[in-house]
Amino acid sequence: MKNSPGVQPVNTAREIAQKVADAQGFELVDVTLQKEADGLALCVYIDSAQGITLDDCERYHKAVQPLLSQIEYDYLEVSSPGADRPVKTQRDFEKHKGDTVEIRLFAKLDGVKQFTGALLDMDDDTVSITLPDGQAKSFQRKAVALIKPVIMMIDEEE
């Protein structure tokens, strides 16, 4: 079994993954090193304005894998973060400003741990949404466990 995941290998992998993403015109969303039942998984999430295809993942995988030889991992996963990828960065905020998001808190606030509303504002310290009743609600970023877009399914037959 290889060593447990640590911060330094992830940072090194992120630097390498970023260079390959830039060269291929992709956005590097995240890099994680996770213990799984069948070994240590190095997961790289890429995106683009046009979305990510299986062929994109395969091409990126083939380009990045040989450059990661100094990182200890058992297998490499390359994928898209998905349509409901969490809002983490200012760039993510700009993409989703005004969209309906779900905010999950680490601890309950006024007896509630999950809020849904239109993403209004976000900076390093706070995130604000407009609740369905029109009221603005702000949260300390350090209290927020997750911000993710709400995917609305539309029935085209209506």
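Read-outs throughout are calculated quantities, based only on the coordinates presented, and are distinct from any laboratory measurement. Note that the structure is a prediction, hence the values are computed from the model and not measured. We place every Cβ from the backbone using ideal geometry, glycine too, and count neighbours over all the protein chains shown.
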Notebook entry, point to check: In whole Å, how far is the Cα centre of segment 98-119 from that of segment 58-88?
Noted result: 30
Notebook entry, point to check: Once phi is turned into ³J(HN,Hα) by the Karplus curve 6.51 cos²θ - 1.76 cosθ + 1.60 with θ = phi - 60°, what whole-Hz value does each residue of segment 103-114 show in order, with x for glycine and proline?
Noted result: 10, 10, 9, 5, 9, 4, 10, 6, x, 10, 10, 9
Item checked: Helix 54-64 vs. the chain, principal-axis angle (Cα, 0 to 90°, nearest 10) -> 50
Checklist line | Which of His61, Gly39, Pro81, positive extreme of dipole for the chain (C-beta unit charges) | finding: Gly39
Next item on the list: Could you work out which residue, out of Ser79, Ser69, Ser128, moves most in a Gaussian network model of the chain, that is, has the largest mean-square fluctuation with Cα springs under 10 Å?
Entry: Ser69
Check: Roughly how many debye, to the nearest 20, is the charge dipole of segment 90-149 about its Cα centre, given +1 on each Lys and Arg Cβ, -1 on each Asp and Glu Cβ, and no other charges?
Finding: 260
Notebook entry, point to check: Could you give the angle, 0 to 90 degrees to the nearest 10, between helix 7-24's Cα long axis and the longest principal axis of the Cα atoms of the chain?
Noted result: 90
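Suppose every K and R has +1 on its Cβ and every D and E has -1 on its Cβ; what is the size of the dipole of the chain about the Cα centre, in Debye to the nearest 20?
Details: 18 positive and 28 negative charges, 154 e Å.
Using Cβ point charges on Lys, Arg, Asp and Glu, the chain gives about 740 debye.
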Check: What fraction, in whole percent, of alpha-carbon pairs in segment 67-158 exceed 22 Å separation?
Finding: 39
Check: If you work out semi-axes √(5λ) of the Cα gyration tensor in Å from the coordinates, which of [x] 34, 15, 12; [y] 27, 19, 14; [z] 33, 20, 14 do you get?
Finding: [z]
Margin query: Tell me whether segment 90-135 comes out rounded, prolate or oblate; compute the Cα gyration tensor, take square roots of the eigenvalues as a ≥ b ≥ c, and use a/c under 1.5 as the rounded threshold.
Written below: oblate
Next item on the list: Check the chain and count each lysine pair with an alpha-carbon distance under 17 angstrom, considering only pairs eight or more places apart or from different chains.
Entry: 14
Notebook entry, point to check: How do Met152, Met122 line up, fewest other C-beta atoms within 10 Å first?
Noted result: Met152, Met122
